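**Q** Right, I'll just put the structure down here and ask away after.
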Amino acid sequence: MKKSLLFSLLAISALTFSCKKDEPVVVADKIYQVSTMLSGANEVPAVTTSATGTTTGTYNQTTKILSITTIYSGITPTGGHIHTQVVPTNATKSGGVTFNFGTTLSSPIVFPVTTPLTAEQEANLLSGIMYVNFHTPANPGGEIRGNLTAK
């Protein structure tokens, strides 16, 4: 019993003296996996189309950087964006452009948001009210759409 108690005290002492106050605590970045499926059924109002797409990527909560890749087929888009819904509690409402994919819209689109997201943009992304949308001549309001989820 004495040996066991002595061993326990020595182990606690070793742990106590091996930790330095001045050493920084390293915390790993929180990385979210971001994704969505794009379809005409997700448009507001819904669009009949055979076009489809997927968006996958990551969001680094430490650096606040969002990076996504979108692959689509069956359309020639005239515009592509990440939007934020006007009404956060209603996934069927359309909203303004938050990030523009630019003029090069060939699939696949690799899109890193190079500036950190604001606190509001981060909250919108993590709550699922940001969505990817592609516009075409046949459907100028949007032909395929999907809300981004971050897990």
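The values are calculated or read from the model by the stated rules, or taken from the named source; none is laboratory data. These numbers come from a predicted model, not from an experiment. Please note that ligands, DNA and RNA were not included when accessible areas were found on the heavy atoms of the full protein model with its side chains. Shrake-Rupley method; radii C 1.70, N 1.55, O 1.52, S 1.80 Å.
**Q** Take the Cα radius of gyration of the range 26-84 and divide it by 2.2 N^0.38 Å, with N its residue count; two decimals is plenty. Walk me through the numbers on the way to the answer.
**A** Values: Rg = 14.6 Å, N = 59, 2.2 N^0.38 = 10.4 Å.
That ratio works out to 1.41.
**Q** How are the alpha carbon pair distances in the range 76-151 distributed across 10 Å bins from zero to the largest one, expressed in percent?
**A** Spelled out bin by bin, the range 76-151 gives 19, 52, 27, 2 percent.
**Q** Top to bottom by accessible area (1.4 Å), largest first, where do V34, V44 land? Mind showing how you got there, number by number?
**A** Values: V34 5, V44 60 Å².
Output order, biggest surface exposure first: V44, V34.
**Q** Then there's this: For a bin width of 10 Å, list the pair-distance distribution of the range 29-126 built from all Cα-Cα distances, rounded to whole %.
**A** Reading the bins upward from 0: 14, 46, 35, 5, 0.
**Q** Check S94: other-chain or 5+ apart residues with amide H under 5 Å from its amide H, H built from backbone geometry?
**A** V86
**Q** Using heavy-atom solvent-accessible surface (probe 1.4 Å) with all chains present, what is the largest-first order of K64, K30, K151?
**A** On the way: K64 60, K30 95, K151 165 Å².
So, going from the largest accessible area down, we get K151, K30, K64.
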